[in-house]
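Written below as structure tokens is the structure these notes are about.
Just so you know, all these numbers are worked out from the coordinates, no wet-lab data involved. Because the structure is a prediction, the values reported are computed rather than measured. FYI the Cβ positions are ideal-geometry reconstructions off the backbone, even for glycines, and counts take in every protein chain you see.
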Amino acid sequence: MSIITIATDFGTADGFSAAMAGVIKSIAPNVELVEVTHNLKGIVKTILVIKRYFSFYPKGTIHLAVVDPTVGSDRKALIGCSEDYFFVGPDNGIFSKAASGSEHMDWWAIDVSCLPSGKISSTFHGRDIFAPAAALLAAGKSPNELGKKIEAVETIDLPQPIVRPKMIEGEVIDIDNFGNLVTNIEADMFTTGMFVSFVNGEEMPILNTYSDIPQGKPLGYTGSAGYLEIGINMGRADSFFNADIGRKVILIL
């Protein structure tokens, strides 16, 4: 049985995600649907969310993601194929980390004439292009039957930390549902026992986990996605520090 994961920014109140699921089930009734989230916020958040889950699914899984602020423009509709997975969604960089984490990735621009006939809305390509393309892949169609192979797609480079004498300057690139601050400093750049701070802020230790520090106190740690994160034992770091995306972080070497 094929698996299709779905991640969007559609929410659940307006029937958009249900319409996509209905299209998929009409074409591939035996497919297993995994609705990851419908509360994505922006391209960078989507890149990080996809990075967190895509590689934990069985080989052959089709990852469908729709965060598409330029829907209806001339941006391409994509099918990607790595050594293990398929990716379906808009050509706006949302698969950047998935592609960089794969040894090889091929891409196709979806040809809408290869999809089931019907009017294509200029504002709902999730239902009219991406859902049927994913379903047809699940039903056994090859990417070559659904579009034209292309060489280049849009990619987005996340902000990179800056290495300075005795410090690394990074920034907050994501805030998770628990209020933890995810930075762009990767795990191989630090160890426990070091210290991290915000610019002109109090230093906090890098430890293994929240309970290694008293309740209500801040710490740095290696998050599950492999980045330096800042959290509070039994609290929310975003509220504690009044922090937002882009806040500068200093790792003391």
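Odds and ends about this structure:
- The range 1-104: antiparallel DSSP beta bridges as a percent of all, rounded to 5: 30 percent
- In plain terms, the chain from K59 to K148 could stretch by 29.7 nm, reckoned as 0.36 nm per residue minus the Cα-Cα distance.
- Too-long pairs where the Cα-Cα distance tops 32 Å, listed order kept, from K41/K148; K148/K248; K97/K248: K148/K248
- Footprinting exposure proxy ranking of I3, I232, I24, fewest other C-beta atoms within 10 angstrom first, gives I3, I232, I24.
- Only helices reaching 20 angstrom along their own axis (Cα) with mean Kyte-Doolittle hydropathy no lower than 0.0 count here, and not one DSSP H run of the chain does.
- Cβ-placed point charges (K, R +1; D, E -1), dipole of the chain about Cα centre in debye, nearest 20: 280 debye
- Once backbone amide H atoms are built at 1.01 Å from N, K76 has D91 as its partners under 5 Å, excluding neighbours fewer than 5 places away on the same chain.
- Annotation: the residues C114, C81, sorted from fewest to most other C-beta atoms within 10 Å of their own C-beta, follow the order C114, C81.
- Ordering G246, I94, T12 by the projection of their Cα atoms onto the charge dipole of the chain, which places +1 on the Cβ of Lys and Arg and -1 on the Cβ of Asp and Glu, puts T12 at the extreme positive end.
- DSSP beta bridge pairing in the chain, given as percent antiparallel to the nearest 5: 75 percent
- Placing +1 on the Cβ of every Lys and Arg and -1 on the Cβ of every Asp and Glu, with nothing else charged, gives the range 162-252 a dipole about its Cα centre of roughly 220 debye.
- Loop-resident sites, the range 152-218, for GluC sites (Glu not before Pro), counting at most 14 other Cβ within 10 Å (DSSP): E202, E203
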